Amino acid sequence: DPLYYWQQSEDDVTITVHIPQDITKDDIKVRFSPDNICVTLKDQPPLMEGKLYSSVDHESCTWIIKDNKSLEISLIKKSEGPRWPELIIGDTRGEFIMDSSQCSEIAESLMHLTSEVMNPNPEKENPPCNAQELEECDAFLEDSASLCRFDGDTLKVTHVINLGSNQYLFSVVVDPREMPCFCLRHDVDALLWQPHSDQPENMWEHIATFNALGYVQASKQDKKFMACAPDYSYAALCECLRRVFIYRQPTPLSTVLYNRKEGRQVGQVAKQLVATLEANDPILGFQATSERLFVLTTKTLFLIKVNPGN
């Protein structure tokens, strides 16, 4: 069963916690602050503790013991109006109870997105999506994935993001002083994100884009590893055996080049390189630096020089 139940209005939040029969008013300690709450019974560890989703007027917050031996806590919102999606950030032990008026309000706000007819206009031209026209690599994954952030001190989840169709591709260390970056597919492209542990309100920073890599990697049925250079100059992937694909970022041209179909001048060109290893042994490791690509098989460590350097 949930540890507590909570309701909310535009002005306040009400929390109900069931307490043991032998607990008296003197055994209960509730501490309020503008952004936190702590509930303790006797000398036990805190029953509820953590950062509230939004600030409250802590001097106006109260608590009482109801007749059915339950603790009722009233929080006064600092900002009236906005609804809280959660009570204590990262705490999933409670259950939100929505009253009938709130259900009606939400249903009314979503009514314009629904229809009583399954397909009210079947003759409409240019439907937004035809599943039969999708290629196999465009299909969404059956298993859903989420990105979670854990607090290192409390080991509690503070953020949960459902990736949906943004497929996870790989991780890479760009700056040893920062957390590893992670690469996600966004439509046909692959976007590299840098988490910042010291910026909880603005944690994810987009630092690089690899054009069309999301689409290309989906077509590689035998791919085993993916990586990118710490300076974002190229991305690479390898198959289980022999073949390595290197995708360079667009670079300026030293000569004049025109697109014949559109008649416009092309200023940059991206290049794809394919390397075939002189071995049929399974690939076990894959690591990219700004200048070189290291490929480890069961018997040999191959070094592929991608960018010129010392």
- Just a yes or no: is a residue in the range 162-177 in a strand (DSSP E or B), touching a Ser or Thr at 6+ places or on another chain (Cβ under 8 Å), open to solvent by 30 Å² or more (accessible area, probe 1.4 Å) and at pLDDT below 90? yes
- Message: Can you list residue pairs whose Cβ atoms sit under 8 Å apart, with the first residue in the range 64-81 being open to solvent by 50 Å² or more (accessible area, probe 1.4 Å) and the second being of a type in the set (G, A, S) and at pLDDT 85 or above? Count only pairs 6 or more apart in sequence or on different chains.
- Response: I76/S60; K78/S54; K78/S55; S79/S54; S79/S55
- Query: Taking the stated definitions as given, is R264 among the basic types (K, R), farther than 26 Å from T298 by Cα and either in contact (Cβ under 8 Å) with a residue 40 or more places away in the chain or surrounded by 12 or more Cβ atoms within 10 Å (Cβ to Cβ) (or both)?
  - Reply: no
- Inside the range 22-60, can you point out the residues that are aromatic (F, W, Y) and open to solvent by less than 60 Å² (accessible area, probe 1.4 Å)? F32
- Message: Residues that are touching a helix residue (DSSP H, G or I) at 6+ places or on another chain (Cβ under 8 Å) and in the same structural domain as D189 (by the TED database): does the range 206-217 have at least one?
- Response: yes
- Message: Show me the strands (runs of 3 or more DSSP E) entirely contained within the range 242-310 in which 1 or more residues are closer than 18 Å to F225 by Cβ and outside the structural domain of D189 (by the TED database).
- Response: 243-248, 272-276, 283-288, 292-297, 301-305
- Filtering the range 199-223 down to residues that are loosely packed, with under 15 Cβ neighbours inside 10 Å and among the charged types (D, E, K, R), which residue is nearest to the chain's Cα centre (by Cα)? E205
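The values are calculated or read from the model by the stated rules, or taken from the named source; none is laboratory data. A quick note: this is a predicted structure, and the numbers were derived from the prediction, not measured. Ideal geometry is used to build each Cβ from the backbone, glycine not excepted, and the neighbour counts take in all protein chains shown. Ligands, DNA and RNA are stripped out before the accessible areas are found, and what is left, the full protein with its side chains, is counted by its heavy atoms. Shrake-Rupley method; radii C 1.70, N 1.55, O 1.52, S 1.80 Å.
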